[in-house]
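Notes follow once the structure below has been shown.
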Protein chains: 2
Amino acid sequence: MINLNLSNLGDFLTNEELENMMNEAKSAQKKVYDKSGDGSDYLGWVDYPFSYDKEELSRVKKAATTIARSSDVLVVAGIGGSYLGAKAVISALTPYFEKPGLEIIFAGNTISSTYMSNLKDYLWDKDFSVNVISKSGTTTETAIAFRILFNMLKKKYMKEELLEHVFVTTDKEKGALKQIADEYEFETFVVPSDMGGRYSVLSAVGLLPIACAGIDIDKILKGAQAVYNDLKKDDNIAQKYAAVRNILYKKGYDIEILEAYEPSLVNFNEWWKQLFGESEGKELKGIFPASCIFSTDLHSMGQYIQEGRRNLFETVMEIKEPKCNIDIPFDKNNLDNLNYLSGKDLNYVNNTALEATIFAHKEGGVPEIKLEIDELDEFHIGYLVYFFEMSCAISGYILGINPFNQPGVEAYKSKMFEMLGKPKK
Amino acid sequence: MINLNLSNLGDFLTNEELENMMNEAKSAQKKVYDKSGDGSDYLGWVDYPFSYDKEELSRVKKAATTIARSSDVLVVAGIGGSYLGAKAVISALTPYFEKPGLEIIFAGNTISSTYMSNLKDYLWDKDFSVNVISKSGTTTETAIAFRILFNMLKKKYMKEELLEHVFVTTDKEKGALKQIADEYEFETFVVPSDMGGRYSVLSAVGLLPIACAGIDIDKILKGAQAVYNDLKKDDNIAQKYAAVRNILYKKGYDIEILEAYEPSLVNFNEWWKQLFGESEGKELKGIFPASCIFSTDLHSMGQYIQEGRRNLFETVMEIKEPKCNIDIPFDKNNLDNLNYLSGKDLNYVNNTALEATIFAHKEGGVPEIKLEIDELDEFHIGYLVYFFEMSCAISGYILGINPFNQPGVEAYKSKMFEMLGKPKK
């Protein structure tokens with residue numbers, strides 16, 4: 001399914017270092033299962049691949065069908081963990097140009113007046129629905145967008161029609177969105193109270209938008225179930241990945257670049273940046289997470305990686321079988337000197353670029369971790385998501401921080417509310 | 001036009017440090033004008049806002065008109081500096097959803113077989129043109145894409161029709177693309193031989209795709225001319241920006257995050273990452289360039305920035321007047337508690353978020369540089385582009401490296417050619 005290849009780390013760590021850190025990783029994972037570590041109120045994601053609410057999942061699928069029937073566009077209003085997971089999975093699993101079915105637009109994650117204004121113009125003559133996602137319902141970015149979009153919907157549709165156009169994902173019992181949903185009798189889905197936003201993509205938070213994009217969410221959950229079982233064994237890939245990154249961090253490698261050779265993974269990398277950055281970046285610690293798409297960014301960030309400061313390491317995702325492949329044609333003139341590749345397929349060239357880059361960067365002094373993934377489908381995405389979630393929990397515990405809180409996110413909000421004159425409760 | 005606000009740096013550097021480094025910055029800029037520094041063969045961009053080829057510029061505009069008439073889609077085939085600048089400017093200056101006129105698609109910057117295959121499917125029933133951009137014409141990513149696209153075009157159009165569908169931007173005299181263009185009599189534009197890719201956006205490399213997107217390229221050049229004159233004076237903002245980032249770098253701040261509160265600038269930040277990363281990341285030196293779009297990414301990278309390792313600083317771009325604005329409506333129920341903002345406009349809230357974030361991050365120990373930009377239009381983009389180019393040249397000379405070469409980019413290519421069995425010349 002997914003293999004963690006550590007063969008390009010030889011010079012950067014010793015077997016003894018790895019063995020010692022693997023012991024820490026095992027203890028850390030035990031804390032996750034035992035709920036004996038910091039932040040153990042937020043471990044709902046651990047058993048979720050099996051313990052999820054089956055009734056809710058079938059309502060998710062039904063809602064996706066309703067939206068596909070009622071709408072041209074679904075606007076997903078949410079910020080941070082309330083949209084990054086869905087956006088990651090939808091980008092990874094849908095075609096580049098012509099998307100089948102419903103158009104999905106993400107909003108409520110910016111306060112840009114131009115974005116919101118352009119969105120209003122775009123939607124005015126279209127049938128659209130909104131899936132608003134926020135635990136409290138008062139997240140500023142999302143609440144502003146929802147107020148504007150809901151106003152549009154109320155002008156566009158009769159009250160009873162709204163039931164097919166507004167879907168609310170929020171706290172099970174309380175909060176502003178829950179109140180609005182109750183008043184209008186909108187269908188609601190749950191932001192689980194024991195799951196932080198960045199660990200919530202496999203709940204209704206992620207699965208409703210993903211299902212609306214025509215993706216088989218059962219297969220995603222199957223991938224999560226498979227990795228759940230695989231990670232129950234010791235010496236698993238999550239422990240190894242967490243151990244290696246902590247060894248490298250201790251040696252001064254404090255920037256990690258997640259890399260893919262498939263542009264559709266660019267949003268997956270953004271999801272990963274939140275997962276690791278928000279989990280580990282605290283108490284003046286943490287690996288700084290960055291993202292590259294190769295070979296594209298070899299022509300922008302490649303120079304730095306090859307010859308800049310030696311404080312970074314790379315985690316490379318290799319997709320063995322592409323969704324589509326294409327041969328390089330023969331050309332009798334051969335002015336571009338490419339005939340040596342004619343008859344070869346593009347994926348062969350792409351994966352050769354990957355191997356060559358790992359070789360070149362390792363020679364340049366960059367530790368290389370490789371994740372080998374058979375193919376980029378629903379199952380493997382589910383597998384990857386949960387793999388990274390568990391790796392992040394283990395890694396955070398090794399680092400000695402609480403990987404499930406995000407106290408620093410409040411700082412800009414408090415100051416902003418003060419400046420905006422928000423009334424105190 | 002554009003102001004560099006350094007008032008949030010008080011605790012992180014002294015006036016004396018700034019004065020000393022400003023002397024280095026002045027000497028560095030003198031080297032740029034004198035052509036007395038390393039890489040002085042690549043200073044064609046310096047006088048370009050005035051010295052550009054006027055005849056070529058008028059052909060660029062004419063070609064844009066031809067393409068708009070002949071095609072639904074323009075495919076821009078290029079990698080690194082051959083597409084990042086155009087993509088940056090087009091994203092920044094066109095609306096979010098419905099783009100006027102021609103659709104612009106970037107290709108030739110990836111070897112993804114799925115991307116290329118999906119692109120072929122998308123184009124098959126459309127009229128399209130290709131602007132292929134490569135100095136040598138043998139850049140692997142771009143050459144493969146062009147071979148495939150050119151094959152499609154040859155099946156779609158008669159030979160004489162091809163003249164309205166293929167536009168070649170390459171070396172003035174030699175190389176594979178120049179030969180192809182000559183054979184088919186395609187119109188050609190020049191990749192200036194004295195300008196690296198990352199400094200080439202204001203040449204035909206960037207301006208043809210930008211003009212095809214319906215953007216007024218004369219206004220962009222006017223902005224570049226204005227900043228060219230502004231930077232002729234000492235104590236200018238390019239010297240200051242270069243000086244400050246070198247002081248911070250010496251103090252251990254080795255990650256710089258460029259930030260915007262407008263999502264359409266996401267590709268501008270990618271262009272900037274190439275400019276600075278490829279210029280400075282060498283000889284085991286250089287600030288690692290990263291990008292955030294706020295407030296969006298405050299809910300992903302915000303935690304790290306607020307409380308993670310204190311080795312980063314932020315350069316924040318503030319756009320004072322947005323392209324479109326929108327008021328937050330009143331709601332009589334006020335369940336979302338947003339009525340304290342009703343009647344206020346979104347841009348006010350967005351810029352308040354910016355000020356609050358600068359305050360919060362500074363309190364958290366992050367040095368803050370602010371670039372104040374009146375508005376996001378052609379003129380200011382031209383101004384910004386050249387400002388960053390000059391800043392980067394100055395900054396690189398202060399750092400003691402050649403800001404105009406990229407020797408490290410060859411490493412992955414050599415290994416890849418070896419693995420692919422490319423014949424040696």
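The table that follows gives values for the structure above.
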read-out	value
Rounded, prolate or oblate (a/c below 1.5 giving rounded, otherwise prolate when a/b exceeds b/c) for segment B:136-189 by Cα gyration tensor	oblate
Label-point gap, in nm, between B:E55 and B:T14 - each point 7 angstrom along Cα→Cβ	5.9
Distance cut-off 13 Å, percentage of C-alpha pairs in segment B:317-359 lying past it	58
Relative packing of B:135-144, A:49-58, which averages over residues the other C-beta atoms within 10 Å, highest first	B:135-144, A:49-58
Exercise: per-residue mean of other protein chain Cβ atoms within 10 Å, A:258-270	2
Gyration tensor verdict on segment B:24-127 (Cα atoms; rounded if a/c is under 1.5, prolate if a/b is larger than b/c, oblate otherwise)	prolate
The protein assembly as shown - share of DSSP beta bridges that are antiparallel (%, nearest 5)	10
Stokes-Einstein D in µm²/s, Kirkwood radius over Cα pairs - segment A:345-425 at 10 °C with 1.306 mPa s viscosity	91
Proximal charge balance of B:N347 [Cβ under 9 Å; K/R count +1, D/E count -1]	-1
Net charge dipole size for segment B:316-356 [Lys, Arg +1 and Asp, Glu -1 on Cβ; Debye, nearest 20]	60
Relative packing of A:349-362, B:157-170, B:368-381, B:265-278, which averages over residues the other C-beta atoms within 10 Å, highest first	B:265-278, A:349-362, B:368-381, B:157-170
Accessible area of A:D216 in the full protein assembly, 1.4 Å probe (Å², nearest 10)	60
Point-charge dipole on Cβ atoms (K/R +1, D/E -1) for the protein assembly as shown, about Cα centre, debye to 20	40
Per-residue average of Cβ from other chains inside 10 Å of B:93-102	3
Around A:G408: net Lys/Arg minus Asp/Glu count, Cβ-Cβ under 9 Å	-2
Signed unit charges on C-beta, dipole axis of segment A:133-280, positive-most listed residue A:I210, A:N267, A:Q225	A:N267
Cβ-based net charge around A:N325, under 12 Å, with every Lys or Arg adding one and every Asp or Glu removing one	0
Accessible carbon and sulfur surface of segment A:1-158 relative to its total accessible area, %, 1.4 Å	48
C-alpha center-to-center spacing [segment B:328-388, segment A:358-424] in angstrom	26
Relative contact order %, chain B, counting alpha carbon pairs below 8 Å whose residues are six or more apart	24
Inter-probe distance in nm under a simple model that places probes 7 Å from Cα toward Cβ, at A:M1 and B:K232	6.7
Number of partner chain Cβ atoms within 10 Å, mean per residue of A:359-367	3
Relative contact order [Cα under 8 Å, 6+ residues apart], segment B:165-261, whole percent	16
Positive-end extreme of charge dipole, segment B:280-365 - chosen from B:A353, B:N325, B:L338 (charges on Cβ)	B:A353
Calculated over the protein assembly as shown: convex hull of Cα atoms, volume per residue (Å³)	149
Alpha-carbon Debye profile of chain B, log10 I(q)/I(0) at 0.09 Å⁻¹	-0.60
Aspartates and glutamates whose Cα lies under 17 Å from that of B:K282, excluding same-chain neighbours fewer than 8 positions away	A:D297, A:E307, A:E363, B:D38, B:D254, B:E256, B:E410
Antiparallel bridge percentage (DSSP; both residues within segment A:225-356; nearest 5)	10
Cβ charges +1 (Lys, Arg) and -1 (Asp, Glu), total dipole of segment B:1-122, debye	680
For segment B:239-298 and segment B:29-90, distance of Cα centres in Å	22
Nearest 10 degrees, 0 to 90: helix A:237-250 Cα axis against chain A principal axis	70
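The values are calculated or read from the model by the stated rules, or taken from the named source; none is laboratory data. From a predicted model like this one, the values you see are computed outputs, not experimental measurements. Cβ coordinates were reconstructed from backbone atoms using ideal geometry, including for glycine residues, and neighbour counts include every protein chain displayed. Keep in mind that these areas ignore ligands, DNA and RNA; they rest on the heavy atoms of the full protein, side chains included. Shrake-Rupley method; radii C 1.70, N 1.55, O 1.52, S 1.80 Å.
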